[in-house]
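Engineer: First the structure, which I've put down as structure tokens, then a few questions once you've had a look.
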Amino acid sequence: MQKWFSAFDDAIIQRQWRANPSRGGGGVSFTKEVDTNVATGAPPRRQRVPGRACPWREPIRGRRGARPGGGDAGGTPGETVRHCSAPEDPIFRFSSLHSYPFPGTIKSRDMSWKRHHLIPETFGVKRRRKRGPVESDPLRGEPGSARAAVSELMQLFPRGLFEDALPPIVLRSQVYSLVPDRTVADRQLKELQEQGEIRIVQLGFDLDAHGIIFTEDYRTRVLKACDGRPYAGAVQKFLASVLPACGDLSFQQDQMTQTFGFRDSEITHLVNAGVLTVRDAGSWWLAVPGAGRFIKYFVKGRQAVLGMVRKAKYRELLLSELLGRRAPVVVRLGLTYHVHDLIGAQLVDCISTTSGTLLRLPET
Amino acid sequence: MLGFLSARQTGLEDPLRLRRAESTRRVLGLELNKDRDVERIHGGGINTLDIEPVEGRYMLSGGSDGVIVLYDLENSSRQSYYTCKAVCSIGRDHPDVHRYSVETVQWYPHDTGMFTSSSFDKTLKVWDTNTLQTADVFNFEETVYSHHMSPVSTKHCLVAVGTRGPKVQLCDLKSGSCSHILQGHRQEILAVSWSPRYDYILATASADSRVKLWDVRRASGCLITLDQHNGKKSQAVESANTAHNGKVNGLCFTSDGLHLLTVGTDNRMRLWNSSNGENTLLTGQARSLTPVIPALWEAEVNYGKVCNNSKKGLKFTVSCGCSSEFVFVPYGSTIAVYTVYSGEQITMLKGHYKTVDCCVFQSNFQELYSGSRDCNILAWVPSLYEPVPDDDETTTKSQLNPAFEDAWSSSDEEG
């Protein structure tokens with residue numbers, strides 16, 4: 001996740017670069033790496049754009065040893081082994097530097113790289129060396145990455161705004177913006193949910209919007225909120241018996257009365273406490289007490305940030321510029337928080353350009 | 001690739017593996033090719049395409065002008081540049097042409113002698129291909145959105161028809177009348193599809209956000225209603241079991257029939273799989289047959305946002321014969337390609353000028369044909385090997401080994 005923040009630094013640094021182009025940066029490092037390749041006396045490989053590379057063809061060309069335009073017709077056998085060699089690496093490192101800020105960037109090079117990325121798998125040839133620098137990047141979906149994304153996003157939540165009465169809430173769409181593969185992210189979140197580490201809560205404004213809260217935070221906040229109130233007993237019973245047992249978003253009438261032994265009066269207490277919200281007759285959503293304020297700020301802030309992009313010329317904004325602007329008063333949760341949500345919910349398209357990541361409203 | 005060939009030759013590997021790997025590679029390289037074209041006949045948008053399953057040679061297209069055209073896809077000229085010509089068409093001057101827009105066409109699954117077409121003029125027509133006459137017409141009370149005939153069935157000739165009414169009608173081609181009505185949906189039926197695995201299983205998708213699976217032999221209601229929350233959420237209220245949060249526009253079974261993809265106007269695409277396909281027919285009981293597919297639940301695959309603004313059905317398709325199957329979904333004026341089981345978006349095929357309405361996959365040559373409202377049918381062909389670009393001459397010349405430099409001088413005088 002370090003790289004992610006460094007990407008924000010990159011975004012800010014890039015704005016400074018425009019004023020001061022003589023400073024070193026990504027462009028310079030690119031040529032530097034090319035130079036080292038030539039210096040080693042390796043067979044001079046062309047600096048091919050990765051999208052046009054056909055990785056599965058490398059071994060054939062390597063074995064033949066005769067390169068078009070290459071001088072060493074004899075071609076040392078040792079070199080033929082270097083299938084996916086260094087010339088590809090700096091390009092990948094370069095292009096992946098650009099895609100680090102928001103991994104879900106749309107880029108034609110990336111797209112065709114992804115297509116060709118599937119080809120070696122089908123042909124059974126493992127391209128470990130080529131994928132090395134890419135896989136070491138934590139954003140590319142390591143096993144623990146959804147958890148790391150959630151912890152990192154929790155840092156963005158403004159606790160002080162709610163006087164610490166609300167546990168930090170993160171949205172599922174924000175996790176998608178950090179973990180590019182949605183299916184993997186969903187699976188990892190489900191694992192975390194089953195282990196009991198996080199609770200997923202339905203935020204009322206959108207059927208798809210799920211909030212993610214650490215169970216411990218939720219428990220402490222709820223207990224603090226219901227301290228000394230008449231419904232404290234029911235809430236404590238709920239937290240003790242139902243929360244660890246049932247990891248779902250919603251609860252049914254028969255589940256509550258038979259399995260967990262709640263009386264109707266106790267269920268009414270829970271609704272009054274804000275722990276349960278009525279869904280329809282006989283079923284309830286799990287809820288966070290006091291989340292109404294959060295949802296109000298969130299919806300207003302999301303519309304405001306989208307409006308910033310919409311009002312821009314051509315309905316697109318550089319990410320660095322958006323983050324550098326002063327947040328409108330309506331945006332109480334922070335621009336970064338909302339930008340993550342917009343990208344993950346695909347309400348803006350993320351396009352990687354030479355000036356950084358560009359956020360553009362989709363045409364439809 | 002050479003490794004695969006030699007392994008196949010020596011018998012180390014199954015020949016199917018090479019075939020699948022090569023099919024997948026070709027599908028990944030789909031793009032527009034200037035050498036391949038489809039003749040433009042339609043004057044209105046193209047609503048539906050179908051390639052015959054027997055040879056994969058002939059393609060039917062139905063347009064919003066009511067015209068049906070039959071194309072020959074095979075390239076029998078010896079040149080690489082080829083336009084798929086229209087063999088024949090049922091144009092506006094034909095006496096039996098549909099009066100309004102044709103919504104679905106389908107070849108008869110077992111040979112190309114017959115095809116069916118349904119249209120907004122509330123009819124389903126059965127055509128004889130050779131004479132281009134209607135062999136039969138089924139009339140309905142409401143406009144027909146979609147119809148489908150089972151591709152694998154040998155025991156029945158039922159055509160399932162989805163109309164603007166909430167009832168799914170099954171028409172029997174042998175007897176020429178509607179034999180069944182399936183009740184259960186509440187709004188118009190936007191898509192119907194028979195399972196490619198079981199003769200009697202039918203899936204229907206409706207504007208009331210529900211997808212129902214039926215066994216047509218059963219007298220009682222549907223087998224299952226697909227529930228996006230996998231039955232975990234609101235079981236108290238049966239009416240809340242919806243497959244999507246909006247209208248369900250499109251249905252497609254994977255080629256093995258074990259998975260079902262649905263697309264809805266909530267901009268989502270969902271994958272459903274069956275738990276086990278075993279036939280649990282109870283012996284010795286005179287009661288009705290037990291369902292073949294005991295349960296169907298949603299596979300946890302997230303495709304992201306799949307934009308869907310269509311008010312009618314959306315016809316999308318799944319590849320067949322690749323190692324990892326791909327689904328091609330019309331997405332605005334492009335076609336989005338996803339891997340089915342991992343949800344990864346591979347690419348967006350851009351080429352149409354207006355909204356794409358339908359696409360079909362030709363599995364013999366791994367080609368994709370798509371029709372859109374700009375009256376064009378585009379052919380997406382696997383790109384051949386890219387020629388090695390020779391922009392490296394200038395950089396490598398300096399690295400040329402002096403032993404290989406020629407000592408000739410280029411000037412005549414000095415020699």
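The values are calculated or read from the model by the stated rules, or taken from the named source; none is laboratory data. None of these values were measured; they are calculated from a predicted model. Cβ: placed from backbone, ideal geometry, glycine included. Neighbour counts: every protein chain shown. When the accessible area is computed, the model is the full protein with side chains, heavy atoms only, and any ligands, DNA or RNA have been set aside. Shrake-Rupley method; radii C 1.70, N 1.55, O 1.52, S 1.80 Å.
Engineer: Would a scan of the range B:8-29 turn up a residue that is farther than 21 Å from B:Pro330 by Cα, among the hydrophobic types (A, V, I, L, M, F, W, C), open to solvent by 30 Å² or more (accessible area, probe 1.4 Å) and not in a strand (DSSP E or B)?
Structural biologist: Within the range B:8-29 (the criterion being farther than 21 Å from B:Pro330 by Cα, among the hydrophobic types (A, V, I, L, M, F, W, C), open to solvent by 30 Å² or more (accessible area, probe 1.4 Å) and not in a strand (DSSP E or B)), the answer is yes, since at least one residue qualifies.
Engineer: Being part of a strand (DSSP E or B), of a type in the set (Val, Ile, Thr) and closer than 17 Å to B:Thr317 by Cα is the requirement here; does B:Thr48 meet it?
Structural biologist: Yes; evaluated as a whole, the condition is true for this residue.
Engineer: Which of the residues belonging to the range B:1-47 are among the polar types (S, T, N, Q) and without any contact (Cβ under 8 Å) to a residue 60 or more places away in the chain?
Structural biologist: Hits for the range B:1-47 are B:Ser6, B:Gln9, B:Thr10.
Engineer: Tell me which residues, restricted to the range A:282-302, are free of Cβ contacts under 8 Å to residues at least 12 places away in the same chain and either basic (Lys, Arg) or closer than 27 Å to A:Ser352 by Cα (or both).
Structural biologist: A:Lys296
Engineer: So, in the range A:158-170, of the ones that are surrounded by 19 or more Cβ atoms within 10 Å (Cβ to Cβ) and within 28 Å of A:Ala245 (Cβ to Cβ), which residue ends up nearest to the chain's Cα centre (by Cα)? Write out each step before concluding.
Structural biologist: Quick first cut of the range A:158-170, residues surrounded by 19 or more Cβ atoms within 10 Å (Cβ to Cβ) only: A:162, A:166-170.
Checking which are within 28 Å of A:Ala245 (Cβ to Cβ) leaves us with A:166-170.
On the way: A:Leu166: 23, A:Pro167: 21, A:Pro168: 17, A:Ile169: 15, A:Val170: 11 Å.
So the residue we want is A:Val170.
Engineer: Taking the condition surrounded by fewer than 22 Cβ atoms within 10 Å (Cβ to Cβ) and over 30 Å from A:His340 (Cα atoms), does A:Ser173 pass?
Structural biologist: In short, no.
Engineer: For A:Leu322, state whether it is over 23 Å from B:Gly304 (Cα atoms) and of a type outside the set (D, E, K, R).
Structural biologist: Yes.
Engineer: Return yes or no: is B:His110 modelled with pLDDT under 90 and out of contact with any Phe, Trp or Tyr (no Cβ under 9 Å at 6 or more places or on another chain)?
Structural biologist: The answer is no for B:His110.
Engineer: Continuing with the same structure: Test B:His94 against the criterion of being crowded, with 22+ Cβ neighbours inside 10 Å, assigned by the TED database to the domain that holds B:Val144 and assigned to a loop (DSSP other than H, G, I, E, B), and give yes or no. Explain how you work it out, then say what you get.
Structural biologist: Details: crowded, with 22+ Cβ neighbours inside 10 Å: no; assigned by the TED database to the domain that holds B:Val144: yes; assigned to a loop (DSSP other than H, G, I, E, B): yes.
So B:His94 does not fit the description; no.
Engineer: Just to check your reading of the model, which residue among B:Leu190, B:Leu202 is touching a residue at least 24 places away in the same chain (Cβ under 8 Å), farther than 15 Å from B:Glu142 by Cβ and crowded, with 18+ Cβ neighbours inside 10 Å? I'd like the intermediate steps shown before the answer.
Structural biologist: Numbers: B:Leu190 fails: farther than 15 Å from B:Glu142 by Cβ.
Every option except B:Leu202 fails the conditions.
Engineer: Which is open to solvent by 30 Å² or more (accessible area, probe 1.4 Å), touching a residue at least 40 places away in the same chain (Cβ under 8 Å) and more than 14 Å from chain A (Cβ to nearest Cβ), of B:Cys359, B:Cys320? If you could, list the steps in order and put the result at the bottom.
Structural biologist: Details: B:Cys359 fails: open to solvent by 30 Å² or more (accessible area, probe 1.4 Å).
When all the criteria are applied, what remains is B:Cys320.
Engineer: Also: Identify, please: which residue in the range B:264-283 is open to solvent by less than 50 Å² (accessible area, probe 1.4 Å) and of a type in the set (Ser, Thr, Tyr) and is, among those, modelled with the highest pLDDT?
Structural biologist: Out of the qualifying residues, it is B:Thr265.
Engineer: Might you let me know whether the range B:84-91 holds any residue that is open to solvent by less than 40 Å² (accessible area, probe 1.4 Å), assigned by the TED database to the domain that holds B:Phe120 and either small (Gly, Ala, Ser) or under 24 Å from B:Gly250 (Cα atoms) (or both)?
Structural biologist: Yes, the range B:84-91 contains a residue that is open to solvent by less than 40 Å² (accessible area, probe 1.4 Å), assigned by the TED database to the domain that holds B:Phe120 and either small (Gly, Ala, Ser) or under 24 Å from B:Gly250 (Cα atoms) (or both).
Engineer: Considering only the range A:179-255, give the helices (runs of 4 or more DSSP H) lying wholly within it that have at least 1 residues that are touching a Cys at 6+ places or on another chain (Cβ under 7 Å) and open to solvent by less than 10 Å² (accessible area, probe 1.4 Å).
Structural biologist: Details: elements: A:182-195, A:215-225, A:232-237.
Ranges flagged: A:232-237.
Engineer: Now for a separate question. On the given criteria, is B:Ser209 at pLDDT 55 or above, assigned to a loop (DSSP other than H, G, I, E, B) and open to solvent by 30 Å² or more (accessible area, probe 1.4 Å)?
Structural biologist: no
Engineer: A further question on this structure: Right, B:Arg197: in contact with a Leu (Cβ under 8 Å, 6 or more places away or on another chain) and either over 20 Å from B:Val263 (Cβ atoms) or in a loop (DSSP other than H, G, I, E, B) (or both) or not?
Structural biologist: So B:Arg197 passes the test.
Engineer: Testing A:Phe260 on (1) within 15 Å of A:Pro289 (Cα to Cα); (2) surrounded by fewer than 21 Cβ atoms within 10 Å (Cβ to Cβ); (3) aromatic (Phe, Trp, Tyr), one condition comes back false. Which one is that?
Structural biologist: Unmet condition: (1).
Engineer: Select from the range A:263-287 the residues that are exposed (fewer than 15 other Cβ atoms within 10 Å of the Cβ) and in a strand (DSSP E or B) and list them in ascending order.
Structural biologist: Within the range A:263-287, A:Val278, A:Asp280 meet the criteria.
Engineer: Restricting attention to the range B:106-127, does a residue exist that is touching a residue at least 12 places away in the same chain (Cβ under 8 Å) and touching a Cys at 6+ places or on another chain (Cβ under 7 Å)? Write out each step before concluding.
Structural biologist: Residues of the range B:106-127 touching a residue at least 12 places away in the same chain (Cβ under 8 Å): B:106-127.
From what is left, the residues that are touching a Cys at 6+ places or on another chain (Cβ under 7 Å) are B:124.
Scanning the range B:106-127 turns up at least one residue that is touching a residue at least 12 places away in the same chain (Cβ under 8 Å) and touching a Cys at 6+ places or on another chain (Cβ under 7 Å).
Engineer: Give me the residue from the range A:180-196 that is of a type in the set (A, V, I, L, M, F, W, C) and within 11 Å of another protein chain (Cβ to nearest Cβ) and, out of that set, farthest from A:Glu216 (Cα to Cα).
Structural biologist: A:Val184
Engineer: If you don't mind, another one. Return the only residue of B:Glu22, B:Glu55 being in the same structural domain as B:Pro330 (by the TED database), more than 12 Å from B:Val381 (Cα to Cα) and within 21 Å of the chain's Cα centre (by Cα).
Structural biologist: None of the others qualify; the one that does is B:Glu22.
Engineer: Right, something else. Quick one: in the range B:42-52, which of the residues that are more than 12 Å from B:Leu378 (Cα to Cα) and surrounded by 20 or more Cβ atoms within 10 Å (Cβ to Cβ) is farthest from the chain's Cα centre (by Cα)?
Structural biologist: Checking each candidate, the answer is B:His42.
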